């Protein structure tokens, strides 16, 4: 599964969970090889990301629009990315550009955590190690 699809599915699982405890349990089932601290870090990233918005539509649109911008403008740095996101209508979904920049940085951290978890899972499967 492509990384962007995977992170989006995890985001959807978080949004659709009635509590962070339910989400954590879903992640434990999906990634039995990771510890509770890593799951908490992931949950914290998603909580901060979700707390940044004025409306819920932005949460599911954000990863898709971000990936589209990355594909069409791979040279953009943080400020350019935030400016482009702002111009694409996110000005109605967050309070300020600074808040959008924070949301973007949180999403980058979340993607990095997910990539690390996937690599850990792949290594565990390659070695044939039984999860804890």
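Throughout, read-outs are computed from the coordinates displayed, never taken from laboratory work. Not measured: the values here are computed from a predicted model. Backbone-built Cβ (ideal geometry, glycine too); neighbour counts: all protein chains shown.
Using only alpha-carbon positions in the range 77-132, the gyration tensor eigenvalues give semi-axes of 36, 10, 8 Å once each is multiplied by 5 and square-rooted (largest first).
The long axis of helix 36-51 is offset from the longest Cα principal axis of the chain by roughly 20 degrees.
Each of the peptides 68-78, 114-124, 41-51 was scored by the mean count of other Cβ atoms within 10 Å over its residues; in descending order, highest first, they stand as 41-51, 114-124, 68-78. Result for the chain in a Gaussian network model with C-alpha springs under 10 Å: among 31, 104, 14, the largest mean-square fluctuation is at 31.
Could you give the distance between the Cα centres of the range 35-87 and the range 90-121, to the whole Å? The distance from the Cα centre of the range 35-87 to that of the range 90-121 comes to 4 Å. With only Cα atoms counted, the range 43-103 has Rg and Dmax values of 11.1, 30 Å. The angle separating the long axis of helix 97-127 from the principal Cα axis of greatest extent in the chain is about 20 degrees. Report the Stokes-Einstein translational diffusion coefficient (µm² s⁻¹, integer) for the chain, Rh taken as the Kirkwood radius over Cα pairs, at 4 °C with viscosity 1.567 mPa s. It comes out at roughly 83 µm²/s.
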